Each structure stands twice: as C-alpha cells, then as structure tokens.
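Presented below is the structure to which this report refers.
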Amino acid sequence: MAGDGEVKELISSLRVYLEELQETGVDALPFVQPASAPSRATGKAEEGSASPVRGETLDDVRRELEECGRCQLGNTRTNLVFGVGNPAARLAFVGEAPGRDEDLQGEPFVGEAGQLLSKIINAMGFERSDVYICNVLKCRPPGNRNPQPDEIEKCHPFLLRQLKAIAPEVIVCLGTFAAQTLLQTKAPISKLRGSFHDYHGIPLMPTFHPAFLLRNPAMKREVWEDMQQVMRLLGKEVPKNSK
Ligand code: URA
C-alpha cells in the first residue's frame with residue numbers, strides 16, 4: 001500500500017504530466033475502460049452491468065443477450081440481431097433496430113436500407129466485412145414500430161459495451177434514434193449531422209438513415225458530405241470533384 005507521501009508525489013507528477021499535455025494542445029484524453037467493479041456480495045461483475053469489463057470481447061456481450069428478457073421484445077423476436085463485421089473495425093455504423101429481414105436472418109441491415117448502406121460503405125472504399133454494423137436495439141420491434149424509451153434504456157448499456165469492445169476510430173450514427181441515444185440529446189438529426197461529436201473520446205458522425213434516403217433521395221448529397229468527412233478522418237482518399 002502506498003503511503004501518504006507517495007500518493008502526494010504521484011498526484012503531483014500526474015498534474016505536471018497533464019499540464020504538459022495541455023501545453024502541447026491536448027484538451028481531452030480518450031475514455032479508458034475501468035475494470036468492472038466486482039459485486040460486494042458475489043465478487044463477480046454485476047450481470048447486465050453497463051460498465052465495460054476490461055478486455056471484454058463481443059462474444060462476452062453477445063452471450064448476455066442470447067436469452068435476454070429485459071424488455072418485451074425478447075418474446076416476439078425470431079433472432080437476436082447483435083451485430084456483424086470486423087470485431088476490430090476502424091469504423092462502426094449504428095442503426096435503429098432490426099426490421100423483418102434482419103429479424104429473420106439475425107443480421108443487421110440486410111434489407112433494402114441495408115443494400116443502400118452497403119453501397120455507401122463501398123463508396124467510402126470499404127467492404128462490409130471491414131466495418132462493424134449494429135443497432136441500438138438488438139431485437140425487432142413488432143411491425144417495425146419506433147423503439148420505446150424503456151427498450152432503448154435496457155439495450156443501451158449493451159451497445160456501449162459492444163462499442164467499447166470494438167474501440168473503433170470513428171462511429172457513424174444512422175438516423176435519429178442512434179444519434180439521440182449515443183449523444184443523449186433530443187436535438188433533431190438535421191441539426192446533429194454534418195459535424196463530429198464526442199462519444200467517450202471517439203469521434204461520432206450522425207447522418208441520415210438509409211431508409212430515410214430511400215424516401216428522400218435528394219438527401220443523399222448530405223450523407224455523402226458527412227461520409228467524406230469520415231473518410232478524411234480515417235485517412236481515406238476522397239475522389240476529386242466528388243459530390
Ligand atoms: N434499419 C435499421 O435501423 N437497422 C437495421 O438493421 C435495418 C433497418
């Protein structure tokens with residue numbers, strides 16, 4: 001156990017180090033996963049905990065959702081739609097919730113909106129298998145209704161842990177529900193899109209949902225502008241005269 005003197009010395013060196021960082025222009029540090037606090041009663045990490053466990057893998061998070069009964073959607077889903085793609089992806093896309101096709105196949109964004117998302121991913125110079133794709137909700141809301149606040153609240157900790165396990169360099173939120181959930185805001189997507197926001201130290205770009213683009217093709221230009229910003233951040237070449 002460190003004595004009082006040692007602790008004071010440590011704090012003082014840490015302060016000097018942080019001041020040095022600040023002088024070099026660093027004004028924020030990336031979120032560091034804290035070790036999950038063990039339950040006093042059991043000595044194990046709490047079940048369904050929102051705190052990411054150090055070194056937690058996607059499979060660890062998925063296992064906790066396999067038999068999930070935290071909200072009513074577990075009773076009506078066909079399959080859990082956890083997420084798909086590269087577990088060490090540089091780029092992660094977060095959508096709203098599985099639809100009919102996704103529920104049947106157990107994979108996010110495989111329907112019409114998913115085909116458009118694949119085209120966007122390809123236009124950015126990636127394959128679907130390079131990136132990671134998931135949703136705020138892991139189970140289909142019946143009839144594709146909007147996610148309910150209690151469903152989002154129950155599922156959000158798992159999304160957080162999922163994103164911490166992947167640790168992408170950039171997150172793209174597709175549509176209102178993803179952007180508002182991750183950024184904890186009620187601001188409309190039209191105001192949020194177009195610039196990067198901070199999500200636990202990870203740059204997050206909100207943009208319009210592909211399903212919205214299918215109904216409003218004129219808005220594809222805005223999404224492409226947003227994706228060009230993401231490409232630049234990831235060091236991807238943006239084609240000249242790209243509109
Ligand atoms: N829309 C979404 O938000 N997610 C999917 O997986 C499919 C459609």
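Just so it is clear, none of the values below were taken in a lab; they were calculated from the coordinates. Quick caveat: nothing in here was measured; it's all calculated off a predicted structure. Every residue, glycine among them, receives a Cβ derived from its backbone with ideal geometry; neighbour counts consider all protein chains shown.
Can you list the HN-Hα couplings for the range 95-108, worked out from phi with the Karplus curve (6.51, -1.76, 1.60; θ = phi - 60°), rounded to whole Hz and with x for Gly and Pro?
x, 8, 6, x, x, 4, 4, 5, 4, 6, 9, x, 9, x
I'd like the projected area of the range 91-243, averaged over all directions, using the convex hull of its alpha carbons. Report it in nm² with one decimal.
8.6
Greater than 24 Å separation of Cα atoms is the criterion. Which listed pairs, Lys119/Lys186; Lys119/Lys240; Lys138/Lys186; Lys119/Lys236, meet it? Don't skip to the end; give the middle numbers.
On the way: Lys119/Lys186 29 Å; Lys119/Lys240 19 Å; Lys138/Lys186 22 Å; Lys119/Lys236 16 Å.
Check vs 24 Å cut-off fails for Lys119/Lys186.
What percentage of all Cα-Cα pairs in the range 197-236 are separated by more than 16 Å?
Of all Cα-Cα pairs in the range 197-236, 42 percent lie more than 16 Å apart.
Based on the Cβ-Cβ distance of Asp60 and Arg100, what FRET efficiency does E = 1/(1 + (r/R0)^6) give at R0 = 35 Å, to the nearest 0.05?
Values: r = 29 Å, r/R0 = 0.82.
It comes to 0.75.
Tell me, what HN-Hα J-couplings in whole Hz come from the Karplus equation 6.51 cos²θ - 1.76 cosθ + 1.60 at θ = phi - 60° for each residue of the range 184-190, using x for Gly and Pro?
With the stated coefficients, the range 184-190 comes to 6, 9, 10, 4, x, 4, 4 Hz.
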